1. On the basis of being open to solvent by less than 40 Å² (accessible area, probe 1.4 Å) and either in contact with a Cys (Cβ under 6 Å, 6 or more places away or on another chain) or modelled with pLDDT under 80 (or both), does residue 115 make the cut?
2. Condition test on residue 97, is it under 15 Å from the mean Cα position of the chain (by Cα), modelled with pLDDT of 80 or more, farther than 25 Å from residue 311 by Cα and surrounded by fewer than 19 Cβ atoms within 10 Å (Cβ to Cβ)?
3. Taking region 134-160, which residues are small (Gly, Ala, Ser) and part of a helix (DSSP H, G or I)?
4. Residues of region 132-165 being open to solvent by 20 Å² or more (accessible area, probe 1.4 Å) and under 30 Å from residue 285 (Cα atoms), which ones?
Amino acid sequence: MIFAPARAVPFPGRAAVVGAALLLWLLFLPAQGICTEEFSRRTGKECVACHVDPVGGGELTAPGKDFLASLVASGKGVPVSSVHHGVRFAAGFLHLITAVMWFGTILYVHLLLKPAYASHGLPRGELLIGWGSIIVIAVTGTVLTAYRIPSWDALFNTRFGILLTVKIAVFFVMTATAFIVTFIVGPRLKARHADVDSRKRDLTLAELSSFTGRDGAPVYFAYRGTIYDASGSTLWRTGSHMGKHQAGFDLTEMLKLAPHGEEQVLQLPVVGKLVGGETPGGKPPHLKAFYFMTFLNLFLVVTVLLVIAMWRWW
């Protein structure tokens, strides 16, 4: 098992500013929409009226070609060039693969690792995946919306537009929860609790949380009711292992995810026993907030998948 020191999670910074600027520019950029939604809005007909594919997009039927020609003649539409096709395809592919990666991470944590996996602090890898996905999905989603929605009216008065609006709303909620978890709840999960006499051998969970390896504190963690001292191990520098596992916690369940057995733990010096139950008064508020946010995101992922299913089925 290879351990590495924890590194500070970089704030998106310049990338976030550039992404936000591009997002705002694309939101207000006048764009020509494809004929599908315009025709549907005017006539109330389904996608199959203009497209060979009954769900819309792709090759046009004869009526679809006639309608597109009428838009071009009236100056309200232009044929889509190969460059536009390429941009739209690239944006769509990147949007889809990023969403799969982001949603897949959320489902993997809930179904296999369980939310407790990150309850002691958000792993750096998951933070990078989450914020990278948010930025990419925001930019590519805006590009796709500019191509598919010709007007604000189409956004709120067509089936496609309404479902897209729901998806955008869910995305903003997920972004808000990510911000809260990353910059408000996350630091609280890693924060030290009250100082405890370092000579004390048997510790409660609340007391154990003080021995994180920070500010000169020893590096302690619990495994199967025993507290071990990893202060002298180069594998636990700064009190972090692989940027995921933090000192000051009971890591019994975490060992199940490690590529080695318990022999790596048992060779460390023993401090004492883990005593008592949870922190008095139950889970602290920031931990309750963390669990609420994780399950809220799971619900939102299911909501987005339901919207996509409706998108293709209706």
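1. Yes; evaluated as a whole, the condition is true for this residue.
2. Taking the combined requirement at face value, the residue does not satisfy it.
3. 138, 141, 146, 154
4. Scanning region 132-165 gives 132, 135.
The values are calculated or read from the model by the stated rules, or taken from the named source; none is laboratory data. Model, not experiment: these values are computed from the prediction. For neighbour counting, all protein chains shown are included, and Cβ atoms are generated from backbone atoms with ideal geometry for every residue, glycine included. Heads up: the accessible areas ignore ligands, DNA and RNA and are worked out on the full protein's heavy atoms, side chains in. Shrake-Rupley method; radii C 1.70, N 1.55, O 1.52, S 1.80 Å.
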